[in-house]
Amino acid sequence: RTIEGLLVRGTRNTTVIPAGAIGNEQPIKDVTEEWYSDDLEVLVMTKHVDPLSGETTYRVTNITRSEPSPSLFEVPAGYKVK
């Protein structure tokens, strides 16, 4: 799969809490997806879905593969290094 232009590999874990295990009448299904970029060595997306907490998605966006501006590393004017 490709996310934000990166080739990623994913895993999906599904856990089911059987009916009656914690006072629940129906089984509770908890699903977690993780998408990892080997190139960047970072998770670029995670998704967690369960009926108790709802759906939570974390996704890295606007990935720029270029060098940062050298001005980000310049010492500010008037700053003295001791």
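The values are calculated or read from the model by the stated rules, or taken from the named source; none is laboratory data. All values reported here derive from a predicted model rather than from experimental measurement. No Cβ is skipped: glycine too gets one built from the backbone with ideal geometry, and neighbour counts run over all protein chains shown. Heavy atoms of the whole protein, side chains included, go into the accessibility calculation; ligands, DNA and RNA do not. Shrake-Rupley method; radii C 1.70, N 1.55, O 1.52, S 1.80 Å.
Structure data summary
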| read-out | value |
| --- | --- |
| Flag for residue 42 being of a type in the set (A, V, I, L, M) and modelled with pLDDT under 90 | no |
| In the stretch 18-48, the residues that are touching a Lys or Arg at 6+ places or on another chain (Cβ under 8 Å) and farther than 27 Å from residue 65 by Cβ | 31, 32 |
| Residue among 64, 46 that alone is open to solvent by less than 80 Å² (accessible area, probe 1.4 Å) and hydroxyl-bearing (Ser, Thr, Tyr) | 46 |
| Residue that is open to solvent by less than 70 Å² (accessible area, probe 1.4 Å) and under 22 Å from residue 4 (Cβ atoms), where the choices are 55, 33, 41 | 33 |
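Residue by residue, here is whether (1) under 24 Å from the mean Cα position of the chain (by Cα); (2) at positive phi holds:
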{"position": "5", "(1), (2)": "yes, yes"}
{"position": "19", "(1), (2)": "no, no"}
{"position": "36", "(1), (2)": "yes, no"}
{"position": "46", "(1), (2)": "yes, no"}
{"position": "60", "(1), (2)": "yes, no"}
{"position": "72", "(1), (2)": "no, no"}
{"position": "79", "(1), (2)": "no, no"}
